[in-house]
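Taking it in order: structure first as structure tokens, then the write-up.
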Amino acid sequence: MTQYILRRLLLMIPVALLVTIGIFVLVRLAPGDPVLTYAGEDRDPATIAHIREQLGLDQPLPVQYAAWLSRAVTGDLGRSIQTKQRVLEAITERLPVTIELGLTALAISVTIALIVGTLAAVKRNSVLDLLSTSFTLAGVSFPNFYLGLILILVFAYIVPGRIFPPGGFTPFTTDPLENLRRLVLPALTLAAASTAVNLRQMRSSLLEAFSQDYIRTARAKGLGERLVIVRHALKNALIPVVTIIGLQVGAIIEGAFITETIFFIPGIGRLAVQAIPAGDYPVVQGVVIFSAISFMLSTLVVDVLYAVLDPRISYESAKA
Amino acid sequence: MTAPALPIVVPLTRAGRTSSLRWFLRRNPRILIGGTIVAILLFVAATAPFIAPYDPIKVDVSQALVPPSLTHLLGTDDLGRDVFSRVLWGSRVSLSVGLISVSIGFLLGVSIGLAAGYLGGTFDLIAMRVIDALLSFPALVLAIAITAALGPQIQNAMIAIGIVAVPGYARLTRGQVLSIRAREFIVAARTIGAPPLRIVLRHIFPNVTNALVVQATLATAFAILAEAALSFLGLGPQPPYPSWGQDINYSQRYLANLKWWMSAGPGIAIFLAVFGFNFLGDALRDALDPRLRRSG
């Protein structure tokens, strides 16, 4: 297993390098001269030339890339052109907010998917099953930014008493209750699409498990239905669900860009969205790389978990 | 467990083709439902200039923020523009971005997949690492990064969404090619000296089209949703041109005043369009490609 993880990590290096080259080139393609943004009001050619030299932007692209990469591996992603703050610092400052939002959304999504998905599979073709199937179809097609606006409209403006505020963020350490109150609507918005995907996967893998021989054996030896579902079917059905949940990490990262923008949440998604029109390329670059690396690592974790959960899967023998 | 489908021989007359199509649709009613939604969308997009009751960008402040009524089916925005007309016109943006970006992704992805699968070796190795790199990004984040770099324009949104779609086609095609490459008819074609390009285009490609049709339909759903998200973030077509995502973004400022109708039209339109393509894609997958069928 250790060997497998190491091999996967090694294989990640060339891909990660390609990712960084891609982002580096992309950001340099961006319209507008970052030096002008950096210089602000001062348009003196000498100052501009000086800033260009200082930022290393007068060098050829491969040299700029090598310099940038050697700094990036030590965690130096440059400074924000707008705020002059270190990019890594700007990201790590906002990361807890994004992680809190993402984990809450994931928790909502997994809980609903587990409960409703199991019930829908056990009571196949019931009203609940029909409702959950319709929800999954609608959930993957509904634009999350519109869902966010509907939730704001209903809970912040229409329902009397403003149960949930339309946006903003309060740190957990300042006021835990207010933190949760402000987190409900964005987390629901972010969770909607992944709940639909997880629910569909949960239902279909349970249905598949129900058709297996070991379930018939469990029933035949007189086990109670609840025990059959929990001990036998659910345990096996969860394996593909873990993969799907792992893949939802990507959906949650991209959803955070939009959800944080709608709800004015100071996470890394909003940081990037605000940096785009300002031409703040180090920040955009930093956040995009950060998203890509997190997504790659979460895919790796899923693959490893897959092997841990299912003893039939052995990566050692799959080498050949 | 369903009984294995028996081969059906249909005479190649026009009447025969129509009846077999009818038979196919009767067996797969979901294709009919999804297909109808998609057909209506295409019709609306094609005829928007003729069926839209008002000019979508004409400002008429005397009619500002009028709630839905018989004169303005979906109400008007703060500049008095008819929301219904903007929704109809917006379908042109969404569908054209959807179709063009899917074509870009299709052409690039299928070419890479065919070449990587058939040629193998170094080309395959390099191409697949590039595909892995593209897959390392959450799809929308990559689309945002590309559009942000190229500039907020509709053409750039198309390119961005097209590039994001490449890995899906490339991997699917490569996988299919690898499974077909060793089959007898390919070996036979090679034995009689058919050139590689001819083998790929005449013998391999037709065998992967079913899976690709499904992929393209589902990718269109993603493309429409992604375009709406990009426009919502200000990275799509620029005002005053109507676009569903951008109109929803614009409506945000009137949310506190309970002017819900400004976003309802475009919001429901996005949902219907994405739902239509997703529904059609799922139905096509079940009908055309039983290997990819999901259980349940």
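The values are calculated or read from the model by the stated rules, or taken from the named source; none is laboratory data. Since the model is a prediction, treat every value here as computed from it, not as a measurement. Because the Cβ atoms are built from the backbone with ideal geometry, glycine has one as well, and the counts that use them run over all protein chains shown.
Brief remarks follow.
- Scanning the range A:156-209 for residues that are among the charged types (D, E, K, R) and under 20 Å from the mean Cα position of the chain (by Cα) gives A:R182, A:R200.
- Residues (touching a Lys or Arg at 6+ places or on another chain (Cβ under 9 Å), in a helix (DSSP H, G or I) and either surrounded by fewer than 20 Cβ atoms within 10 Å (Cβ to Cβ) or aromatic (F, W, Y) (or both)) located in the range A:259-290: A:Y281
- Every condition in (1) within 14 Å of another protein chain (Cβ to nearest Cβ); (2) at positive phi; (3) among the small types (G, A, S) holds for A:G78 except the one numbered (1).
- Filtering B:I186, B:I199 for residues that are away from chain A (no Cβ under 13 Å), free of Cβ contacts under 8 Å to residues at least 40 places away in the same chain, among the β-branched types (V, I, T) and more than 24 Å from B:F277 (Cβ to Cβ) leaves a single hit, B:I186.
- Meets criteria (under 30 Å from A:M296 (Cα atoms), crowded, with 23+ Cβ neighbours inside 10 Å, among the aromatic types (F, W, Y) and over 17 Å from the mean Cα position of the chain (by Cα)) for B:F123: no
- Any hit, the range A:240-258, residues being in a helix (DSSP H, G or I), among the polar types (S, T, N, Q) and more than 19 Å from A:L180 (Cα to Cα): yes
- Scan of the range B:49-83 for residues that are in a helix (DSSP H, G or I) and surrounded by 20 or more Cβ atoms within 10 Å (Cβ to Cβ), ordered by number: B:V83
- Of all residues in the range B:275-296 being more than 8 Å from chain A (Cβ to nearest Cβ) and not in a helix (DSSP H, G or I), the one that is modelled with the highest pLDDT: B:D289
- Answer from B:V93, B:V110 - the residue that is in a helix (DSSP H, G or I), at pLDDT 90 or above and buried (at least 24 other Cβ atoms within 10 Å of the Cβ): B:V93
- Meets criteria (facing another protein chain (nearest Cβ under 7 Å) and closer than 27 Å to B:D55 by Cβ) for B:G267: yes
- Considered as a group, the residues in the range B:245-258 that are among the aliphatic types (A, V, I, L, M) and free of Cβ contacts under 8 Å to residues at least 12 places away in the same chain include one that is surrounded by the most Cβ atoms within 10 Å (Cβ to Cβ), and that residue is B:L255.
- Residues that are more than 10 Å from every other protein chain (Cβ to nearest Cβ) and modelled with pLDDT of 90 or more, drawn from the range A:262-285: A:F263, A:F264, A:I265, A:P266, A:G267, A:I268, A:R270, A:L271, A:Q274, A:V283
- Residues in the range B:143-157 that are in contact with a Gly (Cβ under 9 Å, 6 or more places away or on another chain) and over 18 Å from A:G279 (Cβ atoms) were compared, and the one that is nearest to the other protein chains (Cβ to nearest Cβ) is B:A157.
- Checking A:R124 against (1) within 22 Å of the chain's Cα centre (by Cα); (2) outside any helix (DSSP H, G or I); (3) not β-branched (V, I, T), the condition it does not meet: (1)
- Of all residues in the range B:178-212, those being surrounded by 13 or more Cβ atoms within 10 Å (Cβ to Cβ), hydrophobic (A, V, I, L, M, F, W, C) and part of a helix (DSSP H, G or I) number 11.
- Residue match in the range B:236-244 (condition: within 13 Å of another protein chain (Cβ to nearest Cβ) and free of Cβ contacts under 8 Å to residues at least 24 places away in the same chain): no
- Where a residue in the range B:259-271 is without any contact (Cβ under 8 Å) to a residue 12 or more places away in the chain and its partner, wherever it lies, is among the small types (G, A, S) and outside any loop (DSSP other than H, G, I, E, B), with Cβ under 7 Å and at least six apart: B:F271/A:S141
- Some residue of the range A:112-129 being among the polar types (S, T, N, Q) and modelled with pLDDT under 90: yes
- Candidate set: the range A:53-67, residues that are more than 16 Å from A:L29 (Cα to Cα) and under 32 Å from the mean Cα position of the chain (by Cα); chosen: the one modelled with the lowest pLDDT: A:L55
- The selection criterion, being touching a Lys or Arg at 6+ places or on another chain (Cβ under 7 Å) and within 28 Å of A:L247 (Cα to Cα), does not hold for A:L26.
- The set of residues in the range A:211-233 that are buried (at least 19 other Cβ atoms within 10 Å of the Cβ) and under 23 Å from A:V110 (Cβ atoms) comprises A:V228, A:I229, A:H232, A:A233.
- For B:G162, the requirement of being at the interface with chain A (Cβ under 9 Å from one of its Cβ atoms) and of a type in the set (G, A, S) is not met.
- Within the range A:8-42, restricting attention to residues that are modelled with pLDDT under 80 and β-branched (V, I, T), the residue that is surrounded by the fewest Cβ atoms within 10 Å (Cβ to Cβ) is A:T37.
- When B:V164, B:V141 are checked against the criterion of being under 16 Å from the mean Cα position of the chain (by Cα), within 29 Å of A:Q285 (Cα to Cα) and assigned to a helix (DSSP H, G or I), a single residue qualifies: B:V164.
- Tabulated pairs, the range B:133-158, first in contact (Cβ under 8 Å) with a residue 12 or more places away in the chain, second among the charged types (D, E, K, R), C-beta under 7 angstrom, 6+ apart or interchain: B:A139/A:E254; B:L140/A:E254; B:A157/B:E227
- B:A223 in contact (Cβ under 8 Å) with a residue 24 or more places away in the chain and not acidic (D, E): yes
- Hits in the range A:183-201 (condition: in contact (Cβ under 8 Å) with a residue 40 or more places away in the chain and either farther than 27 Å from A:S134 by Cβ or away from chain B (no Cβ under 14 Å) (or both)): A:L183, A:P186, A:A187, A:L188, A:A191, A:T195
- Filter result (away from chain B (no Cβ under 14 Å) and either among the hydrophobic types (A, V, I, L, M, F, W, C) or touching a residue at least 40 places away in the same chain (Cβ under 8 Å) (or both)) within the range A:125-163: A:V127, A:L128, A:L131, A:I163
- Helices (runs of 4 or more DSSP H) lying entirely in the range A:19-107 (those with 2 or more residues that are out of contact with any Phe, Trp or Tyr (no Cβ under 7 Å at 6 or more places or on another chain) and under 27 Å from B:V130 (Cβ atoms)): A:61-72
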